[in-house]
Amino acid sequence: MGLNSQSIKRRIEVAAKRKKADLVIKNGHVVDVFNQELLKADVAIVDGCIVGLGQYEGINEIDARNKYICPSFIDGHVHIESSMVTPAEFAKVVLPHGVTTVIADPHEIANVAGTEGIKFMLDSSDNLPLNVYVMLPSCVPATTFENAGATLLADDLAPFYQHPRVLGLGEVMDYSSVFHSNEQMVNKLVSAHHFGKKIDGHAAGLMGDAINVYMAVGINTDHEAVSRKEAQERLQRGMYLIIRQGSVAKDLSNIITAVTTKNARRCLFGTDDKHIDDLIEEGSIDFSVRLAIKKGIDPITAIGMATLNAAECFGLSSKGAIAPGYDADFLILDDLPTINIESVYSAGVLVAVNGTYLGNQEVKQNQALRQSVKINKLTVNDLQIPMTKGCNANIIEIIPNSLITKRILAEVDIEGGNFVPSTSKDYLKIAVVERHKQTGNIGLGIVKGLNLKTGAIATTIAHDSHNVIVAGTNDEDILFAIDQLQEINGGLMVVANRKVLAKLPLAIGGIISENSYPTVYKELNHINVALKELGASQQFNPFLTLSFLALPVIPQLKLTDLGLFDVNTFRHIGIAEQS
């Protein structure tokens, strides 16, 4: 809320105890994230702002005796689109988990629809009880080695910097363009600096000099550390370390030991990509806080990481603490070590109690960004991978619950001069089909680790260009799955013997549902049942893992619509190699 003379006078009157506060939380233990201790004090609130700690009277008073008052949580890096619901539905899920602020990067929808996708996310996240701040997509497309639905240059992004909820330039994942001073990338960095904005990093697999390069140009966050060593190096060079715990990338346990009492102030949490079912069942940043505590982090330190640290990282000077002048975004906890959330307040308004969202449950109908799946009719011939005897194949091997893959070289089954999938060896066919501009591009490969025994799975969620990605045990089911995806304007599809076993329509850009989060949750459960019928691995989420096999910025071997891609050498390679 913007301050004027009247609102300033109201704050002064209440802070000075000449007038009653709108709301006072009394008798609770305040989590002081500045001094890392507990303070017994009332919390006085007026016009959605905390104006005093001490002893206060309020028009409305809540007794928090034997309870804890702490700042509400901030997700330092999230792609709302990965939840597969609109921002309004996303808010209904994360608010009961104590998250009242998110730093969102809409590069998923931007890769499908460009500036219209960014506008959609800004407009649809306006006037929510969830504070949605935006980092503008820096890499659309993510690299030059694939085809997305749009290309965004510095001039396309510049007008958005005037928006009050745009904080900066989103994760810079094209390190090669930074390293080689690519003119378009340099222009984006210059523009962000010109407007005084933040710049997010994406340093997957990078160490040493590469981190120096990022920091030297003002890229000072990273959420891609997967080991203690990587985490320490980022902190040593002055980066903010965003500790990621999502649906695929679960890095917290591996890197939390890098956090000490000396460096914790430079650490925060992010979910990055998390499905709606995991958000409902497991939680959001609250889950990260609980897990950090279980791993030995002091509860108040963990809360500070999820609140004040994140706020300071992104320049949100009125968020992240229970103190005068800070927004009244806070939680009342029954217990500190378990972070048992009784109630959630956003701008001084009660928005959730005991895990239940209290706001409007109406679902707004949306016709935006439909008809985004455009594919020419395909045949079995389009899916053939030529192989000759005596050759080995480059194969993508999945590492469970990791975005990183292995590159393995092995013999495969051949019939009629072409590769054929083998369920006994778990060598399946995988394809990425360009779906934005009907180019006809099809990248083909072989994947190990999905463990399908029959059928095929396909989705239009394929980070970050979001072409169709499909894996299967036979060509007929692969083609059928692609056709069915086009019928529903994109989504998730499970098929076997040319029959649909389960589907999740995502008509908004092929990545977001028009439906309520309970409906999406129910459809996801049907998907999970169908995946078991196919024999899919239960060690990880097959669809989430599949969707990241198209991302050519995370090692080691990936697949784009232009073919098999070696991330270590940053070039496309052939499938067949002489043994």
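Read the figures in this text as sums done on the coordinates, not as results from a lab. Computed from a predicted structure; not experimentally measured. Because the Cβ atoms are built from the backbone with ideal geometry, glycine has one as well, and the counts that use them run over all protein chains shown.
Between the stretch 313-378 and the stretch 178-244, what is the separation of their alpha carbon centroids in Å?
The stretch 313-378 and the stretch 178-244 have Cα centres separated by 27 Å.
Under 16 Å from the Cα of Lys197, which lysines turn up, not counting those fewer than eight places away in the same chain?
Excluding near neighbours in sequence, the set is Lys188.
Which one, His466, Pro400, Ile575, is farthest towards the positive end of the dipole of the stretch 380-578 when Lys and Arg carry +1 and Asp and Glu -1 on their Cβ?
Value computed over the given set: Pro400.
How much length is gained on full extension from Val349 to Lys453, taking 0.36 nm per residue of separation minus their Cα-Cα distance?
Between Val349 and Lys453, full extension yields an extra 32.3 nm.
Could you give the angle, 0 to 90 degrees to the nearest 10, between helix 183-194's Cα long axis and the longest principal axis of the Cα atoms of the chain?
That helix lies at roughly 10 degrees to the long axis.
Mind checking the full-extension length gain between Asp155 and Phe34? Use 0.36 nm per residue of separation minus the Cα-Cα distance, one decimal, nm.
Roughly 39.6 nm would be gained on extension.
Any lysines with Cα under 29 Å of the Lys9 Cα? List them, leaving off those in the same chain fewer than 8 positions away.
Output for Lys9: Lys17, Lys19, Lys20, Lys26, Lys40, Lys319.
Which entries of Lys262/Lys448; Lys229/Lys389; Lys429/Lys522 show an alpha-carbon separation above 31 angstrom in the structure shown?
Lys262/Lys448; Lys229/Lys389
Under the rule of -39500 (n - 2.57) per DSSP H run of 4 or more residues, summed and divided by the residues of the chain, what mean residue ellipticity at 222 nm is obtained, to the nearest 500 deg cm²/dmol?
-7000 deg cm²/dmol, from helical runs alone.
Need one word for the stretch 329-452: rounded, prolate or oblate. Basis is the Cα gyration tensor (sqrt eigenvalues a ≥ b ≥ c); a/c below 1.5 gives rounded, then a/b vs b/c decides.
On the way: a/c = 4.57, a/b = 2.00, b/c = 2.28.
Because a/c hits 1.5 or more and a/b fails to exceed b/c, the stretch 329-452 counts as oblate.
With r defined as the distance between the Cβ atoms of Val380 and His526 and R0 fixed at 41 Å, what FRET efficiency is calculated, to the nearest 0.05?
Efficiency at R0 = 41 Å is approximately 0.90.
What is the angle, in °, between the Cα long axis of helix 475-487 and the longest principal axis of the Cα atoms in the chain? Nearest 10 is fine, range 0 to 90.
40 degrees
May I ask what percent, to the nearest 5, of DSSP beta bridges between residues of the stretch 380-578 are antiparallel?
Of all bridge pairs located within the stretch 380-578, approximately 95 percent are antiparallel.
How many angstrom separate the Cα center of the stretch 425-469 from the Cα center of the stretch 520-579?
For the stretch 425-469 versus the stretch 520-579, the Cα centre distance is 7 Å.
Which entry in [x] 25.4; [y] 26.7; [z] 39.1 is this structure's computed mean projected area of the Cα convex hull in nm²?
[x]
Determine, from the Cβ-Cβ distance of Glu183 and Val213 and an R0 of 25 Å, the FRET efficiency 1/(1 + (r/R0)^6), rounded to the nearest 0.05.
Details: r = 16 Å, r/R0 = 0.66.
After rounding to 0.05, the efficiency reads 0.95.
Specify the angular offset, from 0 to 90 degrees and rounded to the nearest 10, of the alpha carbon long axis of helix 517-534 from the longest principal axis of the alpha carbons in the chain.
Result, in degrees: 30.
Place a point 7 Å from the Cα of Gln365 along the Cα-to-Cβ direction; which residues of the stretch 82-102 have their backbone N under 19 Å from it?
Residues passing the 19 Å test: 86-89.
Calculate the dipole size of the chain relative to its Cα centre from +1 charges on Lys and Arg beta carbons and -1 charges on Asp and Glu beta carbons; express the result in debye to the nearest 20.
Approximately 840 debye in magnitude.
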